[in-house]
Amino acid sequence: MRILGIDPGYAIMGYGLIDRDGSKLTVIDYGVVETVKDMPFPQRLERLYDGVHELIGSYHPDVAVFEELFFYRNTTTALAVGAGRGVAILAAQKSELPMYEYTPMQIKLSVTGNGHADKKQVQQMVRLLLGLRDIPKPDDAADALAAAICHGCTMGAAAEEFRIR
């Protein structure tokens with residue numbers, strides 16, 4: 001099964017693609033879709049949509065997995081990131097991909113065994129679980145890979161609880 005993990009953003013949206021074959025996880029690609037700060041907001045959203053659409057067209061994932069948004073301070077940033085997440089969900093929907101979402105705590109727990117792990121612990125475990133020489137950069141790509149790993153470990157009946165309907 002090919003899994004596309006998405007770490008939502010509107011300036012930088014992380015993505016990570018992995019294959020799961022039994023208990024084996026293999027990284028296919030990872031990186032970011034970026035927008036330019038002075039670009040009008042609708043064009044930024046279009047760039048994010050096009051970037052996710054291109055990834056789906058190039059790699060043909062079986063599912064898309066999103067990190068659920070968690071903000072507690074900056075409402076303006078939360079709304080913009082939510083809009084970015086929305087266009088990524090739209091790209092997956094238009095490609096008829098099943099979609100799942102996991103909280104940051106669920107992802108951390110799945111990847112490290114500790115739902116309160118720090119960013120460095122998560123990145124190190126992503127590197128180890130995928131057999132990478134270095135920690136994936138930037139952080140957004142590592143977070144997207146972590147979301148994909150989480151789904152790869154949660155697949156089956158338990159994953160249905162996290163399906164975006």
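The values are calculated or read from the model by the stated rules, or taken from the named source; none is laboratory data. Fair warning: this is a prediction, and the values are worked out from it, not measured in the lab. Note that we place each Cβ from the backbone using ideal geometry, even for glycine, and neighbour counts take in every protein chain shown.
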Residue list for the stretch 132-151, restricted to those being in contact (Cβ under 8 Å) with a residue 40 or more places away in the chain and more than 14 Å from Glu67 (Cα to Cα):
Leu132, Pro136, Pro138
Among the residues of the stretch 52-68, are any closer than 16 Å to His151 by Cβ, free of Cβ contacts under 8 Å to residues at least 24 places away in the same chain and assigned to a helix (DSSP H, G or I)?
no
Does the stretch 25-74 hold any residues that are in contact with a Phe, Trp or Tyr (Cβ under 9 Å, 6 or more places away or on another chain) and among the polar types (S, T, N, Q), and which are they?
Thr35
Within the set of pairs 6+ apart or on separate chains, which have a first residue in the stretch 1-21 that is β-branched (Val, Ile, Thr) and part of a loop (DSSP other than H, G, I, E, B), a second that is at pLDDT below 95 and surrounded by 24 or more Cβ atoms within 10 Å (Cβ to Cβ), and C-beta atoms under 6 Å apart?
none
Could you tell me whether the stretch 70-90 includes any residue that is in contact (Cβ under 8 Å) with a residue 24 or more places away in the chain, over 15 Å from Gly9 (Cβ atoms) and in a helix (DSSP H, G or I)?
yes
If you go through the stretch 119-138 one residue at a time, how many are in a helix (DSSP H, G or I) and basic (Lys, Arg)?
3
Working only within the stretch 22-33, note down all residues that are outside any strand (DSSP E or B) and hydroxyl-bearing (Ser, Thr, Tyr).
Ser23
Those residues of the stretch 79-138 which are among the polar types (S, T, N, Q) and closer than 21 Å to Asp21 by Cβ amount to Ser110
